[in-house]
Amino acid sequence: MAISTLWLSDFRCFADAEFRPDPEGLTVLRGPNGAGKTSILEAVGWLATQRSIRGAARDVLVRSGTDRAVVRAETSVAGRAVLVESEIPVSGPARTQVNRQPVRRRSELADALNVTVFAPNDLDLVQGGPAGRREYLDDVLVARHARLDALVTEVDRILRQRAAVLRQAGGRPDSAIAATLDVWDERLGAAGTELAVERESLAAELTEPAGRAYERLAGVAQPVTLEYRRSWTGDLVAALGSARPDDVRRQVTSVGPHRDDLDLALGPRPTRTHASQGEQRCVALALRLASHELRRGDLAEAPVLLLDDVFSELDATRAAALVELLPPGQVLLTTAVDPPPVVHAGRVVTVEGGRLTGVPDAPGVSGATEVIAAPSGGGGS
Amino acid sequence: MFTGPLQALVDELGRLPGIGPKSAQRIAFHLLKVAPEDAMRLAEAIVDVKERITLCPRCFNVAEGDLCAICSDDRRDGTMLCVVEDPRDIVAVEKTQEFRGRYHVLHGALNPLEGVGPDQLRVKELLGRLDDEAITEIILCTNPNLEGEATAMYLARLLKPLGLSVTRIASGLPVGGDLEYADELTLGRALEGRREVDA
């Protein structure tokens, strides 16, 4: 799966721009801070996931002074050209179409465009709280199967329903409240255990590719281990039962998949407390590359890999190692610093002030990078 | 703002479910234009429904008069009871002509987020019927979503200890449909609930 052409209008700082990345490998977007490099990845991310890779609100995606942004991409899926379009108004719902047909389900979009994103804030995967690590696992699960997508949604909804019952109990449950709690506990027991089992087997599956990616990046063979840690032992319904007096008093659900964590270790040492910042960055990147590799195996077509500002996190050796060991498939990478010398100049596009300018493509590579500068004069901040 | 009565009509129509301000205006102007007897017929239908339709005191289906048509029909099987969320669900089950027992309408499903607990549903009334009527089998016919399943589970836990036969409707594929158009979840459930073929 690859993007042949991306068109932006009134998206972030781009008034009107067209971008043609290399369909079969790396394209580097280079430019100073604030030039709009990440916005291009954000536009691709929006088309694939309908949300901002920076977690930005929708209205800031629209160029100031205009009322809607349009992002459009022609992708190539198994040799077929597919048109994905999204219109993002400042307010009101966004409209997304695949081949001019409205998208009804997320899987329809995933068939047309799939991405794996690494962003600077992914360091939080290692340094931050457990929520980010659970989300990392769930994102892979949700993309894998509609059943898992429904499972993640169901667990979330059961937790909210249970929380509402606990609030109503107000610390003093009568027998009617207890009977209702029994029902939600049973639902959570079934769905929560199923989710934990899925996350556990995913963590086990990720361990090997994550270790491999880390070794390549860091140049040291140190095993990365991902171990899923449940917040309960034994049967979840029983655990919910014994936690109930406390849960009722504190009005929280204290055990369940929403309290689990993914323990990361480098060799024998936990990464969060015992790894250097550089090692932590490598582990975070290795996690993304590992999930990318799994999804490449799941899907007939490799997802597009989006690497935001990745060189600033790595020293020269590691940066060069990353470029040399990128998985096959399309990769879009942004950088404010010079890319390592192994990157061919023909693969570098310069982004400045909402405009794209590029060096013509590498000799002998047909259909490689070609960039057309934004024709409209209104571009940019 | 329109002149007095017209604005009042637009406001009232706008309160109806699924009708936005634009539709409310369009309907109001349509009513303004039609023959007086057509508009009066609509007004009478609304008054009628409010005056003559009540909830059946036994099953809480909509009823005209005292008991609903199904509760007052002696030919129905009094030993089987189908529990549904909404009176409209009765219409759907009746269309199948597969069920000859009686109904009980809960008027909702367990949904703590919306403030709906067992006390907001007609659960006590359901238990009361078990004493008064010769019910032996209960079919839980709530919706196949999280809240409907939770309600079914709640009722099953309440009813099973009373020695009744309690069943839950199956989920599966639409009859006459194509497998290729079924969504993954429904098809997955249908595979889960597969049956031995008689041969």
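The values are calculated or read from the model by the stated rules, or taken from the named source; none is laboratory data. The model shown is predicted, which means the values in this text are computed figures rather than measured ones. With ideal geometry, Cβ positions are generated from the backbone for all residues, glycine too; neighbour counts draw on all protein chains shown.
Only a single criterion out of (1) within 14 Å of chain A (Cβ to nearest Cβ); (2) crowded, with 16+ Cβ neighbours inside 10 Å; (3) over 27 Å from A:Gly170 (Cα atoms); (4) of a type outside the set (Gly, Ala, Ser) is not satisfied by B:Pro112, namely (3). Remark: pairs (first residue in segment A:101-122, in a helix (DSSP H, G or I); second residue acidic (Asp, Glu); Cβ separation under 7 Å; 6+ apart in sequence or on different chains) = A:Pro120/A:Asp308; A:Pro120/A:Asp309; A:Pro120/A:Glu313. Of the residues making up segment A:154-163, those that are more than 16 Å from A:Ser254 (Cβ to Cβ) and within 8 Å of another protein chain (Cβ to nearest Cβ) are A:Glu154, A:Arg157, A:Gln161. The condition (being of a type in the set (Val, Ile, Thr) and surrounded by fewer than 22 Cβ atoms within 10 Å (Cβ to Cβ)) is satisfied by just one residue among A:Val84, A:Val90, A:Val71, A:Val44: A:Val90.
Per-residue answers, yes or no, for (1) within 14 Å of chain B (Cβ to nearest Cβ); (2) under 26 Å from B:Val116 (Cα atoms); (3) modelled with pLDDT of 95 or more:
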residue	(1), (2), (3)
A:Val165	yes, yes, no
A:Arg172	no, yes, no
A:Thr193	no, no, yes
A:Ala238	no, yes, yes
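For B:Ser171, the test of being farther than 30 Å from A:Arg167 by Cα, among the small types (Gly, Ala, Ser) and within 14 Å of chain A (Cβ to nearest Cβ) is passed. Scanning segment A:178-191 for residues that are in contact with a helix residue (DSSP H, G or I) (Cβ under 7 Å, 6 or more places away or on another chain) and more than 10 Å from chain B (Cβ to nearest Cβ) yields A:Asp185, A:Leu188, A:Gly189. If you go through segment A:82-123 and keep only what is within 16 Å of the chain's Cα centre (by Cα) and of a type in the set (D, E, K, R), you end up with A:Arg106, A:Asp122.
Residues in segment B:137-166 that are hydroxyl-bearing (Ser, Thr, Tyr) and either facing chain A (nearest Cβ under 10 Å) or surrounded by 14 or more Cβ atoms within 10 Å (Cβ to Cβ) (or both): B:Thr142, B:Thr151, B:Tyr154.
Among the residues of segment A:200-244, those identified as touching an Asp or Glu at 6+ places or on another chain (Cβ under 8 Å) and closer than 21 Å to A:Val323 by Cα are A:Pro209, A:Ala213, A:Ala218, A:Ala221, A:Gln222. Of the residues making up segment A:55-68, just one is surrounded by 18 or more Cβ atoms within 10 Å (Cβ to Cβ) and assigned to a loop (DSSP other than H, G, I, E, B), namely A:Arg63. Tallying residues that are in contact with a helix residue (DSSP H, G or I) (Cβ under 8 Å, 6 or more places away or on another chain), among the aliphatic types (A, V, I, L, M) and within 14 Å of A:Val117 (Cα to Cα) within segment A:308-332 yields 2.
Annotation: A:Arg199 fulfils all but one of (1) surrounded by 19 or more Cβ atoms within 10 Å (Cβ to Cβ); (2) of a type in the set (Lys, Arg); (3) in contact (Cβ under 8 Å) with a residue 60 or more places away in the chain; (4) within 14 Å of another protein chain (Cβ to nearest Cβ); the unmet one is (4). For segment A:247-264, the candidate set comprises residues that are in contact with a helix residue (DSSP H, G or I) (Cβ under 9 Å, 6 or more places away or on another chain) and in a helix (DSSP H, G or I); within that set, the residue that is farthest from A:Val220 (Cα to Cα) is A:Val248. Looking across segment A:269-278, the residues that are farther than 19 Å from A:Leu206 by Cβ and either under 21 Å from the mean Cα position of the chain (by Cα) or not polar (S, T, N, Q) (or both) come down to A:His274, A:Gly278. Set side by side, the residues A:Leu123, A:Leu137 differ, and just one is surrounded by 19 or more Cβ atoms within 10 Å (Cβ to Cβ) and away from chain B (no Cβ under 14 Å), which is A:Leu137.
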